[in-house]
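Asks: The structure that follows is given in the form of structure tokens.
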Amino acid sequence: MNSNNNKPIRVRMAPSPTGFFHVGTARTALFNYLFAKHSAQRAPGGKLVLRIEDTDLQRSNADYEQVIYDGMAWLGLSVDEGPHQGGEFGPYRQSERFEIYQKYADELIASGKAYKAYETGDELTAMKAEQAARKAAPRYNGAHRNLTEEQRAAYENEGRKAVVRFLTPAGETGWSDVAYGDIKVKNTELDDFVLMKSDGSPTYNFACVIDDALMQISHVMRGEDGINNTPRQLLIYQALGFEIPQFVHLPFLLGPDRKKLSKRHGAINVLYYKSEGILPDAMFNYLALLGWNPGEGDTQEIFSRAELEEKFTLERVNKAAAIFDPEKLAHINTEHLKAMPLNQFIELVKPQLPPFEMDDYAKNAIEAARERVRTNVSWEEITGDDGKMQKLAHFDTDFGRAANYFFTDDYGVDEAGAKHLTDVSRPRLAQFAARLEALPDWTVEAIEGTLRGLAEELGIKPAELIHPSRMAVSGRTVGPSIFHLLEILGRERVLRRLAK
Ligand code: GLU
């Protein structure tokens, strides 16, 4: 039933502005973005459309729409057409397209593929209750399928408002989903669903199909909750003679406990991760791995944006449960921190460090300390939506702790390392300092030679000099290699600190 797709690749993201920018929505947006970019490199087309699905006028608002733009901007997801960009298929807000939906509804009524139904809310509730009583599935019973002109006029004179229902034909409806494979349902499962509500607004399924068709969307890629809607949407495509796009449904995101992500404390809000210091490139990288992989046996995890645009194909999208794991996100964040341009990294960590001049010393120091940068996760126990205990991940990238000693003598001493400064090690450090003072060249090799030479003379292991030296000059037990560290700190600073 899927059409051939030699037509230009056009994909869309269609969020409803009714809440924050969910990580699941962001993942869907990202996959569409990557597919568009990947395609654009190879053939004409490759466009991403942003359509705001604000037909629910009560729940939609401009603030929530802004949240979508903020989330996308943070992730660096640009679109080719949308409410701000415009485009030849606009308007791109469904609330501005009601006349279009009405026109197609009228067309379906005129061709006998849809009809007006006048039941009141109470009558529909009674219908459901009666069905429940005989343990039948709740379905519209088709009572108004074949009203006469007179009957319709009578209802309208009563002041009743009609909905427009689709006249679902007998048979089966199915498609071959790119991720989920062949799916088929009996049309009796679908009943005569509503296209237009009595207030003149369209239902999601109807507006979605009209827009996807008119906007010439080639691939509909969305969350797995779309699977239930697809059969009804296919019936609408067929009734209107529209070309059918490919469907790609993406598995839900689960927490590490394999349960739905918790809504508490905004942990499913993309912008939460921004506020926790996660890099947009890291989030971009991580989201891409939730339902996609680069290939059989390919274990690469760290990707730049350009690499993902190059590698992303639909063949590698899969329906395996996608676990959103904050520890993994933290790991990916760490790797991006290490890989980003140094100047950018310096700008990022500057607020965590004592004030400093931006000179070669600062650059070398930060570059060396960066090898040890790490984003850590800590877990807060919270009460979830279901009243049960859940864990909320906090992220911490404490670079100040790892590097402040480059910029101040007042760096404090790690408790774990204080044991290295003893009555035995202190005189050795004094000897080491004297030799360093006399060194003709302040280089890594010369410093290393001096330390190893002294250790040998004293009949001790080099480590017995290395640990106390590191403690004395940095107050830390970990950091860059000691010889490199001393070289960067410079002779003056090193002697001053050893003397102390
Ligand atoms: N507005 C729908 C949603 O946010 C879009 C679903 C779709 O992509 O078709 O769930």
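The values are calculated or read from the model by the stated rules, or taken from the named source; none is laboratory data. Source: prediction; values computed, not measured. All Cβ positions, even for glycine, are placed from backbone atoms using ideal geometry, and neighbour counts span all protein chains on display. Protein only, heavy atoms only, side chains kept; ligands, DNA and RNA dropped before computing areas. Shrake-Rupley method; radii C 1.70, N 1.55, O 1.52, S 1.80 Å.
Asks: From the list 185, 194, exactly one residue is away from the ligand (no atom under 16 Å from the Cβ) and surrounded by fewer than 18 Cβ atoms within 10 Å (Cβ to Cβ). Which is it?
Replies: Selected residue: 185, the only one of 185, 194 that is away from the ligand (no atom under 16 Å from the Cβ) and surrounded by fewer than 18 Cβ atoms within 10 Å (Cβ to Cβ).
Asks: Just wondering, is there one or more residues in segment 147-164 that are within 16 Å of the ligand (Cβ to nearest atom) and either of a type in the set (Val, Ile, Thr) or open to solvent by 30 Å² or more (accessible area, probe 1.4 Å) (or both)? So that I can check it myself, show each step before the final result.
Replies: Going through segment 147-164, the residues within 16 Å of the ligand (Cβ to nearest atom) turn out to be none.
No, segment 147-164 contains no residue that is within 16 Å of the ligand (Cβ to nearest atom) and either of a type in the set (Val, Ile, Thr) or open to solvent by 30 Å² or more (accessible area, probe 1.4 Å) (or both).
Asks: Please state which of the following conditions residue 201 fails to meet, knowing it meets all the rest: (1) among the hydroxyl-bearing types (Ser, Thr, Tyr); (2) more than 12 Å from the ligand (Cβ to nearest atom); (3) open to solvent by 20 Å² or more (accessible area, probe 1.4 Å).
Replies: (3)
Asks: A follow-up question, please. Report, ordered by the first and then the second residue, all pairs with beta carbons closer than 6 Å, sequence separation of six or more or different chains, a first member in segment 227-252 that is of a type in the set (Lys, Arg), and a second member that is assigned to a loop (DSSP other than H, G, I, E, B) and more than 12 Å from the ligand (Cβ to nearest atom).
Replies: Qualifying pairs under 6 Å: 232/190; 232/193.
Asks: Go through segment 422-448 and count every residue that is surrounded by 13 or more Cβ atoms within 10 Å (Cβ to Cβ), among the small types (Gly, Ala, Ser) and either over 15 Å from residue 460 (Cβ atoms) or out of contact with any Asp or Glu (no Cβ under 8 Å at 6 or more places or on another chain) (or both).
Replies: 2
Asks: Kindly indicate whether residue 396 is within 28 Å of residue 333 (Cα to Cα) and out of contact with any Leu (no Cβ under 9 Å at 6 or more places or on another chain).
Replies: Taking the combined requirement at face value, the residue satisfies it.
Asks: Need the failing condition index for residue 234 against (1) among the aliphatic types (A, V, I, L, M); (2) under 21 Å from residue 15 (Cβ atoms); (3) within 15 Å of the ligand (Cβ to nearest atom), just the number.
Replies: Here residue 234 clears every test but (2).
Asks: Given 79, 49, 67, which one is β-branched (Val, Ile, Thr), outside any loop (DSSP other than H, G, I, E, B) and open to solvent by 10 Å² or more (accessible area, probe 1.4 Å)?
Replies: None of the other options fit; the residue is 67.
Asks: Looking at segment 33-47, can you tell me whether even one residue there is within 13 Å of the ligand (Cβ to nearest atom) and modelled with pLDDT of 90 or more?
Replies: First pass over segment 33-47, keeping only residues within 13 Å of the ligand (Cβ to nearest atom): none.
No, segment 33-47 has no match at all.
Asks: Give me the residue from segment 10-29 that is within 13 Å of the chain's Cα centre (by Cα) and either more than 26 Å from residue 244 (Cα to Cα) or away from the ligand (no atom under 11 Å from the Cβ) (or both) and, out of that set, modelled with the lowest pLDDT.
Replies: Only one residue tops the list, namely 20.
Asks: Can you name every residue in segment 337-372 that is open to solvent by 50 Å² or more (accessible area, probe 1.4 Å) and either touching a strand residue (DSSP E or B) at 6+ places or on another chain (Cβ under 9 Å) or not in a helix (DSSP H, G or I) (or both)?
Replies: 341, 355, 357, 358, 359, 371, 372
Asks: Which of the residues belonging to segment 214-238 are open to solvent by less than 20 Å² (accessible area, probe 1.4 Å), of a type in the set (A, V, I, L, M, F, W, C) and over 25 Å from residue 287 (Cα atoms)?
Replies: Listed by number, the residues that qualify are 215, 234, 235, 236.
Asks: Can you tell me which of (1) within 13 Å of the ligand (Cβ to nearest atom); (2) under 23 Å from residue 183 (Cα atoms) is the one residue 240 doesn't meet?
Replies: Failing condition for residue 240: (1).
Asks: A further question on this structure: Scanning segment 218-231 for residues that are hydrophobic (A, V, I, L, M, F, W, C) and more than 7 Å from the ligand (Cβ to nearest atom), which turns out nearest to the chain's Cα centre (by Cα)?
Replies: Out of the qualifying residues, it is 221.
Asks: Please go through segment 174-185 and pick out each residue that is touching a helix residue (DSSP H, G or I) at 6+ places or on another chain (Cβ under 9 Å) and farther than 15 Å from residue 291 by Cα. Break it down stepwise before answering.
Replies: So the first thing to find is which residues in segment 174-185 are touching a helix residue (DSSP H, G or I) at 6+ places or on another chain (Cβ under 9 Å), and the list is 174-175, 177-180, 183-185.
Hits for segment 174-185 are 174, 175, 183, 184, 185.
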